[in-house]
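Encoded as structure tokens, here's the structure I'll be asking about.
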Amino acid sequence: TRRLTQGDLAKLYQAGEKVVMFTCYDASFARLLDGAGIDCLLIGDSLGNVIQGHDTTLPVTVADIAYHTAAVKRGSDRAFILADMPFGSYQESPEQAFRNAVALMAAGAQMVKLEGGAEMAATVRFLVSRGIPVCGHLGLTPQSVHVLGGYKVQGKSEAAAQRLKEDALALQEAGATMIVLEAIPAALASDVTAALNIITIGIGAGKDCSGQVMVVHDAFDIPPGRKAKFVRNFMDGASSLHDAASRAAAAVRDGSYPGPEHTYAG
Ligand code: KIV
Ligand code: NA
């Protein structure tokens, strides 16, 4: 099998097929998820929470993401590899962002993801024009948890929704290939997706995004217990982790996940 490219993801999008993304942090899970047909593996800075045990993503370093990216790359043959730029590795300047993105690309990433809207547009343009594809991330941006005042649904007021839409257009205009939309009302995510000609990937953003991303530990209920509203436990009724991942992929592709019970109203 050949590894998927940015062009292959664009073809899925143009054909109206959902892009299925899972977070992944190691080679064994990469092998498992790749075998279940997951299109894209995100080495998320959520590894600060689920792997390292921190209560925010803020302590995660470029070296941490690079280490896990290399492992995920070694464990997979087909999935597109997307790596998060951690807190403090890109906000300072386009040059700083480029230097740190290079380390992630060298570790095996095919694209990097960074949080923020119009204020990051110049940085996105700088990276893309120099050979580094970029995915944006809007809505609940966990690296800004202390400014947001907690992990809360974003884009609820008319003004915030308008700002988010403008941010998405600014990222697209700057050359971003995809945008993750996290924890926003489904109607807003639907509007933004319709306004763009690039892929939107939802997490807590309703069913109308061009694809969905799931944190692998959440989808597999590790550790067992209460999770965010948008999380579905795909181990429920599954015979194995492989079966759970395959069911998750199928549920995204047939539109049955996320359902109304996983979705925020306006
Ligand atoms: O770090 C992460 O896992 C993410 C996804 C939740 C989109 O950024
Ligand atoms: Na992240």
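Nothing in this text is a laboratory measurement; each read-out follows from the coordinates by a stated rule. Computed from a predicted model, the values in this text were never measured in an experiment. Glycine gets a Cβ as well: all are built from the backbone with ideal geometry, and neighbour counts include every protein chain shown.
Sort 76, 157 by Cβ crowding within 10 Å, fewest neighbours at the top.
Ascending Cβ contact count within 10 Å gives the list 157, 76.
Right, another one. In a shell of Cβ-Cβ distance under 14 Å around residue 128, excluding residue 128 itself, what net charge do Lys and Arg (+1) and Asp and Glu (-1) give?
Taking every Cβ under 14 Å from that of residue 128, the sum is +2.
How big is D, in µm² s⁻¹, for segment 122-266 by Stokes-Einstein at 37 °C and 0.692 mPa s if Rh is the Kirkwood radius over C-alpha pairs?
After rounding, the answer is 206 µm²/s.
Most fluctuating residue of 152, 207, 73 in a GNM of the chain with Cα springs under 10 Å: which is it?
The residue that fluctuates most here is 152.
Between residue 243 and residue 67, what is 0.36 nm times their sequence separation minus the Cα-Cα distance? Round to one decimal in nm.
Here the segment from residue 243 to residue 67 would lengthen by 60.6 nm.
Let me ask something additional. Can you give the net charge of the other residues whose Cβ lies under 14 Å from the Cβ of residue 94, counting K and R as +1 and D and E as -1?
0
Would you work out the relative contact order for segment 135-252, in percent, from Cα pairs under 8 angstrom that are 6 or more residues apart?
Over segment 135-252, the number comes to 19 percent.
Only Cα pairs within less than 10 Å get springs; with that Gaussian network setup on the chain, which residue of 163, 130, 232 has the largest fluctuation?
Largest GNM mean-square fluctuation: 130.
Separate question: Would you please give the FRET efficiency between residue 1 and residue 118, computed as 1/(1 + (r/R0)^6) with r the Cβ-Cβ distance and R0 = 35 Å, to the nearest 0.05?
0.35
P(r) of the chain in 5 Å steps, Cα pairs, percent per bin?
Reading the bins upward from 0: 1, 6, 14, 19, 21, 19, 13, 5, 1, 0.
Under a cut-off of 23 Å between alpha-carbon atoms, report the lysines in cross-link reach of residue 11, not counting same-chain residues fewer than 8 places apart.
Output for residue 11: 73, 113, 207.
What length, rounded to one decimal in nm, is gained on full extension from residue 187 through to residue 99, with 0.36 nm per residue of separation minus their alpha-carbon distance?
In short, 28.0 nm is gained.
What relative contact order, as a whole-number percentage, does segment 6-262 give when Cα pairs under 8 Å and 6 or more residues apart are counted?
18 percent
Further question: Could you tell me which GluC sites (Glu not before Pro) in segment 112-187 are loop residues by DSSP with no more than 15 other beta carbons within 10 angstrom of their beta carbon?
In loop regions of segment 112-187 (DSSP not H, G, I, E or B), there are no sparsely surrounded GluC sites (Glu not before Pro).
What ranking do 243, 167 get, fewest neighbouring Cβ atoms within 10 angstrom at the top?
Sorted ascending by nearby Cβ count, the order is 243, 167.
Given the options 138, 32, 41, which has the most mean-square fluctuation in a GNM of the chain, springs set between C-alpha atoms less than 10 angstrom apart?
32
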